[in-house]
Amino acid sequence: MSRFIGSVCRLCRRENQKLFLKGDRCNTDKCAFERRGYPPGQHGQGRIKFSEYGLQLREKQKIKRIYGLAEKQFRNLFEKAERMKGVTGSNLLSMLERRLDNVAYRSGFANSRAEARQMVRHGHFAINGRKVNVPSYIVEKGDLVEVREKSKTLARIGSALESVKRREIPQWLELDSASMKSRVRDLPARDDITAPMEERMVVELYSK
């Protein structure tokens, strides 16, 4: 599967907002977006006028980059959300939030979604007592996500849990930092997702 190997700070600058792709670094004065808050490239500081399609495309790219998905992954998830009952945009965001890599990040076990994805692939997490190493695994209500016993001494997990106070744990998750466990109390509602995203524009883009 293809993956982005360039500077993720350029992605924040391209979308003209912080996507917090580097965890705690994004909250320091080392953040590239704070120093150069304009799109990369020689025309980055010029006036850019987007068409309706351009605005929809940028919104899709932004959401895709926040969660670290490739285009095919994102499109497949959208088609699955479209087949579900309810509002397509809300279904899409709910499934993105319920990905195992995102749950690990939102629970405070990692400083960024990219770090959480790597840790999931290396087999550091279990769901309901069973090891799962698939970042795209969708958790359900009542699932217990925990750090495996052999991984509880990892310094990176301990460091992330120490800094979790700087991030708000969503209401749909219940974290027990002492035992390194997080339970899915409920499915995430649209109000639980605080990042500025206009999922309606993604639905409009894919409906063309």
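Per this entry, GLY44 is counted among residues that are in a loop (DSSP other than H, G, I, E, B), touching a Phe, Trp or Tyr at 6+ places or on another chain (Cβ under 6 Å) and either modelled with pLDDT under 60 or under 30 Å from LEU144 (Cβ atoms) (or both). Set side by side, the residues ARG99, ARG167, ARG156 differ, and just one is over 23 Å from ASP186 (Cβ atoms), charged (D, E, K, R) and surrounded by 13 or more Cβ atoms within 10 Å (Cβ to Cβ), which is ARG156.
Does ILE138 count as touching a Leu at 6+ places or on another chain (Cβ under 7 Å) and either among the β-branched types (Val, Ile, Thr) or surrounded by 13 or more Cβ atoms within 10 Å (Cβ to Cβ) (or both)? For ILE138, the condition - touching a Leu at 6+ places or on another chain (Cβ under 7 Å) and either among the β-branched types (Val, Ile, Thr) or surrounded by 13 or more Cβ atoms within 10 Å (Cβ to Cβ) (or both) - is not met.
Selection of first residues in the stretch 58-81 that are on the phi > 0 side of the Ramachandran plot and of second residues that are surrounded by 21 or more Cβ atoms within 10 Å (Cβ to Cβ) and assigned to a helix (DSSP H, G or I), restricted to Cβ pairs under 8 Å at least 6 apart or on distinct chains, gives the following pairs, ordered by first then second residue: GLY68/ASP101; GLY68/ARG113; GLY68/ARG117. Restricting ASP186, ASP176, ASP143 to residues that are without any contact (Cβ under 8 Å) to a residue 24 or more places away in the chain and within 20 Å of ARG98 (Cβ to Cβ) narrows the list to ASP176.
The values are calculated or read from the model by the stated rules, or taken from the named source; none is laboratory data. The structure displayed is predicted, hence computed values, not measured ones. Heads up, the Cβs are rebuilt from the backbone with ideal geometry, glycines too, and the neighbour counts pull from every protein chain shown.
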